[in-house]
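The values are calculated or read from the model by the stated rules, or taken from the named source; none is laboratory data. Note that the structure is a prediction, hence the values are computed from the model and not measured. Backbone-built Cβ (ideal geometry, glycine too); neighbour counts: all protein chains shown.
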Amino acid sequence: MSKPRTDLLQGTLDLLILKTLALGPQHGWGISQRIQQISDDVLRVNQGSLYPALHRLEVQGWVTSEWGTSENNREAKFYRLTRAGLKQLEVETADKTRFQLWIAFDYGGRREIVDAARRAAEAGEELDEGTFGSYLYAPEMPDPDLLIRTSGELRISNFLLWQLAYAELVFVDTLWPDFGESELRSALHEYAKRRRRFGGRS
């Protein structure tokens, strides 16, 4: 019997889009502008990331679209949150009233994978990615969207080897004790420019 595993949105961009459309229907450019505004200019979403995410949300049934006229009298596709999308947004944000801090003490990514495989084998599980993930040390922790590695090191050092499969990696020279708001903003700007494909070719 596999442990329960919570299905989460593929990334924070999906959640940001749902939050933005909760304010009302909007076309693609308007969505990217709203995200930029609500993040105080920290996040800038390019088209290569935005439209695949919108398509993904339409397939899920959380967003619908129709053609209309923009404020510049140009034809544009407007996206609207569906009832299912609103319900999903409520589920995703129901317990998001504070940050969660995860501390990896005496942790090794390879050891976590070996331990998970051993426990699954002992349970006689027929494995797929979801079932295997439920045997990790913290299955309720969503996969990271972004890993920031400080101190000029260009490696992940055996950290979250399974969970970082599709994470974006940003490496900075700043030492961890000196890492502050400006460095975080720079890393988020870099992340926002990335085109995330989650294993796809385009």
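What the table below lists for this structure:
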read-out	value
Residues of segment 112-124 that turn out to be acidic (Asp, Glu) and farther than 20 Å from residue 141 by Cβ, as a count	1
In segment 46-56, residue surrounded by the most Cβ atoms within 10 Å (Cβ to Cβ) [restricted to those that are at pLDDT 85 or above and either in contact with a Phe, Trp or Tyr (Cβ under 8 Å, 6 or more places away or on another chain) or not hydrophobic (A, V, I, L, M, F, W, C) (or both)]	54
Residue in segment 157-168 that is exposed (fewer than 12 other Cβ atoms within 10 Å of the Cβ) and either touching a strand residue (DSSP E or B) at 6+ places or on another chain (Cβ under 7 Å) or free of Cβ contacts under 8 Å to residues at least 12 places away in the same chain (or both) present	yes
Residue 43 being modelled with pLDDT under 85, of a type outside the set (D, E, K, R) and either farther than 30 Å from residue 181 by Cα or surrounded by 19 or more Cβ atoms within 10 Å (Cβ to Cβ) (or both)	yes
Residue check for residue 151: of a type in the set (Gly, Ala, Ser) and over 27 Å from residue 112 (Cβ atoms)	no
Within segment 88-120, considering residues that are among the small types (Gly, Ala, Ser) and modelled with pLDDT of 80 or more, the one surrounded by the most Cβ atoms within 10 Å (Cβ to Cβ)	116
